[in-house]
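S.K.: Next up is a structure, given as structure tokens.
FYI, it's all coordinate maths here, none of it is from the lab. Small disclaimer: the values here were computed from a predicted structure and weren't measured. Here Cβ is always computed from backbone atoms with ideal geometry, including for glycine, and neighbour counts include all displayed protein chains.
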Amino acid sequence: MGSASDLDKVRVVFETLDMFQTPYETAVISAHRTPELVQEYAESAARKGIKVIIAAAGLAAALPGALSALVDIPVIGLPLSGGPMGGIDALFSVTGMPPGNPVGAVGIDSARNATLLALRILGLSDPRIRQELSRVRMQAAQEVGDKARVLRDRGLPAWEPEGVDTGE
């Protein structure tokens, strides 16, 4: 992350990785204030075999692009809200990379989606992660179905998909 003050917005990354029992490391480095640390981190990531980087930053959000320029592994940019533009500037920075310097992007403050995208990348070569992702996806679908049933239970005319067991 670009600043220790980003921790509360990024905490979901750690919680989700812990839930998936996936090892990770954290770093506070700034593309603008500590460019030498960005270079050092990029070199160490390659040496350590890190497979995906989630780079969270607000405002100009240069960190994801700076890291992507230095590594050959996927970098996911997590734009963070803040400042006078509320994170729109960070979103534009993350999505506005020049040709040859790709950064995957998620929505502003979308730490969970950034993590799930990283896990999907890791799941390409790890069946355990892939299986857990499938379980989480099915659980989310079940939760939507449960919420839809609440509408019917309140007497509202709720649409029911054809051929799906609604539990009645």
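S.K.: When the chain is treated as a GNM, springs tying every alpha-carbon pair under 10 Å, which of ARG11, ARG149, ARG137 comes out with the largest mean-square fluctuation?
M.R.: Sorting by GNM fluctuation, first place goes to ARG149.
S.K.: Right, something else. Quick one: among VAL106, VAL144, VAL75, which has the greatest mean-square fluctuation in a GNM of the chain with alpha-carbon springs under 10 angstrom?
M.R.: It is VAL144.
S.K.: With all distinct Cα pairs included, what does the Kirkwood hydrodynamic radius of the chain come out to in Å, to one decimal, could you say?
M.R.: It works out to 17.6 Å.
S.K.: Using a cut-off of 17 Å between alpha-carbon atoms, which aspartates and glutamates can reach LYS9, once sequence neighbours fewer than 8 places away in the same chain are excluded?
M.R.: Cross-link targets: ASP18, GLU25, ASP89, ASP109.
S.K.: Same structure, new question: Could you give the distance between the Cα centres of region 28-49 and region 73-94, to the whole Å?
M.R.: 19
S.K.: Can you give the helix-only mean residue ellipticity at 222 nm for the chain, where every DSSP H stretch with n ≥ 4 adds -39500 (n - 2.57) and the sum goes over all residues, rounded to the nearest 500 deg cm²/dmol?
M.R.: -15500 deg cm²/dmol
S.K.: Separate question: Tally Lys/Arg at +1 and Asp/Glu at -1 over every other residue whose Cβ is under 15 Å from the Cβ of SER110; what's the total?
M.R.: 0
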